[in-house]
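Here, each number is a calculation from the coordinates, and none is a lab measurement. Predicted model, so just to flag it, every value in this text is computed and none were measured. Quick reminder, even Gly has a Cβ in these numbers, built from the backbone with ideal geometry, and neighbours come from all protein chains shown.
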Amino acid sequence: MLRTLTEKLFGGIVTRSTINTMAINHEVDIPYKKATFGMGCFWSGDCVFGVVPGVLRTRVGYSGGTKPNANYNNIGDHTEVIEVDFNPDAVSYKQLLHTFFINHEYGLTKKFKRQYISLILYHDEEQKKLAEEQKTAEEKKRNIQIVTEIRPAGIFYPAEDYHQKFKLQRHKYLVNALGLRRNLLQTSHVAARLNGYVVGLGGLEQFESEVESFGIDQGTADYVRKLIIENKGGSLSC
Ligand code: MHO
């Protein structure tokens, strides 16, 4: 009797849906650098950075302050931030800064409570220099005063699972299709990208250019395509 490819590979004990989940490109092994930004509620910033080409992974958390073991209910003097792992050969820190400065829902020109301030936490002296330069350039270009704080990155407390890929997690269909278990919420490449696409960011053209690399099935891709179209130009509010 002829066996299917699936059976041949896995002795018939692995179902097709398991195969699909296994093929999903959660992990990318590409050299990366980190960038950390606070720009209001971190749910939206997670989406914004997740779809920037060259961004490999994102996670949200609390940083910038001194309170030990911060969490959502005890954030202390920390700020909600997005930590971005990016491939510096595919996207420059300068481009990430541009994304940061043009995507504030609030807080760019007016001080907010510390939880939501505009904040750049730099990881090296080069990032510090670029951040300061770009802040000044944006102020000049837009004739506004920007209140973004630029400080060295320190300890980062990852936020609760519920906050990671928040917009993506609203779609149980996708959570199941991706096999998005707890350990993947902060590390999955595909989850970071889809978290942006589901709110209409990135656009269809960009999605088509990389969907094959995600390892998702046709139904899952169609589900995301529909959301990209429906949510195009929608507001990024949390
Ligand atoms: N407007 C949201 C903010 C959540 S956020 C992660 C809420 O009130 O739940 O700070």
Within the chain: Cβ-based charge dipole about Cα centre, in debye rounded to nearest 20 (Lys, Arg +1; Asp, Glu -1): 540 debye
message: With a 10 Å cut-off between alpha carbons and a GNM built on the chain, which of ASN87, ASN183, ASN103 moves the most?
response: ASN183
- prompt: With point charges of +1 on the Cβ of Lys and Arg and -1 on the Cβ of Asp and Glu, referenced to the Cα centre of the chain, which listed residue (PHE37, HIS78, CYS47) lies farthest in the positive direction of the dipole?
  reply: HIS78
- request: Within 10 Å, count the other beta carbons around each residue, average over each peptide in 45-54, 27-36, 92-101, and list them highest first.
  value: 45-54, 92-101, 27-36
statement: Rounded to the nearest 0.05, FRET efficiency between LYS172 and GLU230 (Cβ-Cβ, R0 25 Å) equals 0.90
task: Specify which residue in the list ILE117, LEU201, THR136 is farthest towards the positive end of the charge dipole of the chain, using unit charges on the beta carbon of Lys, Arg (+1) and Asp, Glu (-1), about the Cα centre.
output: ILE117
task: In a Gaussian network model over the chain where Cα atoms closer than 10 Å are linked, find which of GLY40, GLY219, GLY179 has the largest mean-square fluctuation.
output: GLY219
statement: Computed over the stretch 33-158, the Cα gyration tensor eigenvalues, each multiplied by 5 and square-rooted, give semi-axes in Å (largest first) of 20, 18, 13
query: Counting alpha carbon pairs within less than 8 Å and at least 6 residues apart, what relative contact order, in whole percent, applies to the chain?
result: 26 percent
- request: Using 0.36 nm per residue of separation minus the Cα-Cα distance, give me the extension gain between ASN69 and ILE102 in nm, one decimal.
  value: 8.8 nm
- prompt: In percent, how large is the relative contact order of the stretch 33-158, given Cα pairs closer than 8 Å and 6 or more residues apart?
  reply: 33 percent
message: Test of understanding: what is the full-extension gain from ALA137 to GLU210, defined as 0.36 nm times their sequence separation minus their Cα-Cα distance?
response: 23.0 nm
field: Structure-based [θ]222 nm, the chain - -39500 (n - 2.57) summed over DSSP H runs of at least 4, per residue, nearest 500
entry: -11500 deg cm²/dmol
field: Cα-based Rg / Dmax (Å) for the stretch 165-231
entry: 10.7, 30
query: Lys pairs in the stretch 110-238, Cα-Cα under 23 Å, at least 8 apart or on separate chains: how many?
result: 21
Between helix 218-231 and the chain: long-axis angle, C-alpha atoms, 0 to 90°, nearest 10: 30 degrees
- prompt: Whole number please: convex hull volume per residue of the Cα set in the chain, in Å³?
  reply: 137 Å³
query: Under the Cβ-under-4.7 Å rule, which cysteines of the chain stay unpaired?
result: CYS47
field: Crossing angle, helix 203-214 versus the chain [Cα axis fit, 0-90 degrees, rounded to tens]
entry: 50 degrees
